[in-house]
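**Student:** Here it is, the structure, as structure tokens.
We did not get these values from a lab; they are worked out from the coordinates using the rules stated. Note that the structure is a prediction, hence the values are computed from the model and not measured. When we count neighbours, we look across all protein chains shown, and the Cβ atoms used for this are built from the backbone with ideal geometry, even at glycine.
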Amino acid sequence: MKEKLIMLAIFIVMGAVFVFLVMKFKELGQESAEIEENLLIPYMSLIQRQDYDEAYELLGPTYQGSESKADFAAAHKKHVQELGRLLSWEYLDLEHGYDPSTEESTLGLRYTLTFEKGQAFVIYRASPDTQPVRIVEILGTTGPSDSMKHEIW
């Protein structure tokens, strides 16, 4: 009888953990969908239209503090020279991160960006803990996806 109660307790705890994880992943999925819809799609649409001043406004203050608006626009103009215009983007997947120094959680949404002359693999990171949500970091590469570096995309 005692063994059955222990097994039942273990089963209940495992079930509670499972429900918690399902709810947490559902919450992350909702947050990433909101970030994509309200931040990244508008950002990439602005980049596609080459409206770099407006796109710059969707970067977080720390990011803006490390890149001037002029450098941001120049980097995008360089991409256009090398790769052509941005034609489309495709969402790949989501990564969840945590920065212990700022105690902020981040969501990194991975995309493939398709240009006239090639592709880039990019992670846009945003912090759902801050309002309004802004891009806090961008990693990208035109090479293998494991060669990503901090770069303007």
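**Student:** Run GLU31 past the list (1) loosely packed, with under 14 Cβ neighbours inside 10 Å; (2) under 16 Å from TYR124 (Cα atoms) and report the number of the one that doesn't hold.
**Tutor:** The single condition GLU31 does not satisfy is (1).
**Student:** Let me spell it out: the conditions are (1) free of Cβ contacts under 8 Å to residues at least 40 places away in the same chain; (2) over 21 Å from SER32 (Cα atoms), and GLU95 meets all of them except one. Which number is the exception?
**Tutor:** (2)
**Student:** Right, another one. How many residues does region 35-57 contain that are under 13 Å from the mean Cα position of the chain (by Cα) and in contact (Cβ under 8 Å) with a residue 12 or more places away in the chain?
**Tutor:** 7
**Student:** Ok, one more. Anything in region 58-84 that is closer than 16 Å to THR112 by Cα, surrounded by 14 or more Cβ atoms within 10 Å (Cβ to Cβ) and in contact with a strand residue (DSSP E or B) (Cβ under 7 Å, 6 or more places away or on another chain)? List them, or say none.
**Tutor:** The answer is LEU83, and nothing else.
**Student:** Something else: Taking ALA55 as the residue in question, decide whether it is touching a Leu at 6+ places or on another chain (Cβ under 8 Å) and either in a helix (DSSP H, G or I) or more than 27 Å from ASP129 (Cβ to Cβ) (or both).
**Tutor:** On the way: touching a Leu at 6+ places or on another chain (Cβ under 8 Å): yes; either in a helix (DSSP H, G or I) or more than 27 Å from ASP129 (Cβ to Cβ) (or both): yes.
So ALA55 fits the description; yes.
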